[in-house]
1. Using 0.36 nm per residue, how much length does the chain from R211 to M29 gain when fully extended, once their Cα-Cα distance is taken away?
2. Going by average Cβ density within 10 Å per residue, which order do the peptides 143-153, 5-15 take, highest to lowest?
3. Among the GluC sites (Glu not before Pro) in the stretch 191-275, which ones are in a DSSP loop with at most 10 other Cβ atoms within 10 Å of the Cβ? Mind listing them?
4. Add +1 for every Lys or Arg and -1 for every Asp or Glu among the other residues with Cβ under 15 Å from the Cβ of D233, and state the total.
5. Between K84 and K125, what is the label-point separation in nm under the 7 Å Cα-to-beta-carbon projection?
6. For the chain, set up a Gaussian network in which alpha carbons nearer than 10 Å are linked by springs, and say which option among D117, D212, D71 fluctuates the most.
7. Just to confirm a number: summing +1 for Lys and Arg and -1 for Asp and Glu over residues other than M98 whose beta-carbon lies under 14 angstrom from that of M98, what do you get?
8. How many angstrom lie between the Cα centre of the stretch 71-123 and the Cα centre of the stretch 145-174?
Amino acid sequence: MIVTLVGLDYAGKSSIRIYLESFDVEKAMNTETSNSIEELRGSKVVYYVIPGQELLRYEEKFYERLFPITDVIVFVVDAADKEKFGEVREFFKFIQEMIKKYAKEECRLIVLAHKQDLPNAAKAKEVAELLGISEKHVLETSIKYPGSMYELLMRIHGIPTTEFDAIAYQIMQDTNAESVTIADKDLFPYTSIGNKDDAMTKLVGFLRLTRDIGDFDFIICEKESKRTCCIKDYIDGEEIFIVIINARANFDVMMSSVKAALSKIREEYKRRWEL
Ligand SMILES: Nc1nc2c(ncn2[C@@H]2O[C@H](COP(=O)(O)OP(=O)(O)OP(=O)(O)O)[C@@H](O)[C@H]2O)c(=O)[nH]1
Ligand SMILES: [Mg+2]
């Protein structure tokens with residue numbers, strides 16, 4: 001799957017890429033304006049970012065090259081910078097033209113009302129009205145709200161999570177947990193049940209830890225008598241992670257529930273990703 005991020009300079013495109021690459025908000029907040037196309041290769045998704053400076057964003061050659069292979073276009077709007085809304089609208093018209101000219105018929109568009117953590121950031125409704133599109137295409141996001149990054153990733157893969165939801169619910173019930181999340185090493189979520197901000201914060205933490213400590217089967221963290229577990233396994237060489245927050249059942253119960261879940265995840269994974 002190929003995802004292309006577009007938008008004005010300073011909108012937050014590179015920040016999103018860096019967050020998905022490093023899981024590090026601080027790093028993602030410290031960017032400089034981009035002068036060329038950036039790329040991030042995940043196992044199921046490749047992200048391209050087109051630079052937003054005025055001199056570059058109207059370069060038709062970028063769209064001619066990328067839109068024919070793009071499955072999802074993400075149009076990022078700095079929702080807090082209302083002074084630039086005129087410029088945003090004008091650029092969106094150009095993007096619509098580029099879509100008509102170069103994009104695949106089935107290419108999807110997601111608009112981000114980004115930087116929601118800033119005071120007075122415009123909501124999805126306002127951004128939708130600005131661009132003359134339906135509100136259902138607009139997502140409110142912030143690098144600082146991990147739950148919103150989860151929503152974005154879910155929207156990107158665009159596949160119903162029903163089967164994975166059922167698997168996660170079962171683990172939740174078996175282990176008497178607060179939240180269960182299943183995702184791959186690129187943060188690509190299969191499902192998450194419970195508070196999304198908590199789930200993504202923990203998942204991101206475990207993914208960073210994985211990079212630091214290398215391979216593991218499971219990690220258990222106890223804090224204020226709250227037990228959070230991360231179980232890692234492989235499906236056809238691909239790492240998958242199950243994060244269980246506040247599992248109250250005993251260890252054996254948890255492991256047998258996870259084991260049962262993993263075989264179901266394996267089946268569902270193959271169906272979904274056509275392996
Ligand atoms: N408050 C807040 N600031 C953000 C967020 N995302 C990005 N930023 C800030 O916005 C700045 C610009 O973001 P970039 O990602 O560099 O912007 P860009 O869209 O890549 O811009 P160009 O490379 O010029 O096209 C970053 O350095 C961050 O400080 C967010 O969610 N909230
Ligand atoms: Mg950039």
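Read-outs: derived from the displayed coordinates by stated rules, not from any lab. Every value quoted in this text rests on a predicted model; they were computed, and no experiment measured them. Cβ placement follows ideal geometry from the backbone for every residue including glycine, while neighbour counts extend to all protein chains displayed.
1. On the way: separation 182, 0.36 × 182 = 65.52 nm, distance 2.07 nm.
Stretched out fully, the R211 to M29 stretch lengthens by 63.5 nm.
2. Details: 143-153: 19.6, 5-15: 23.1.
Final packing ranking: 5-15, 143-153.
3. Working: sites: E222, E224, E238, E239, E267, E268, E274; in loops: E224, E274.
Here the GluC sites (Glu not before Pro) that fit, given the DSSP loop and packing criteria, are E224, E274.
4. Numbers: positive: K185, K232, K259, K264, R266, K270; negative: D184, D215, D217, D236, E238, E239, E267, E268.
That sum, taken over residues with Cβ under 15 Å, equals -2.
5. Distance between label points: 2.5 nm.
6. Sorting by GNM fluctuation, first place goes to D212.
7. On the way: positive: R57, K61, R65, K93, K100, K101, K104; negative: E59, E60, E64, E90, E97.
Around M98, the surrounding residues sum to +2.
8. What the calculation gives is 25 Å, centre to centre.
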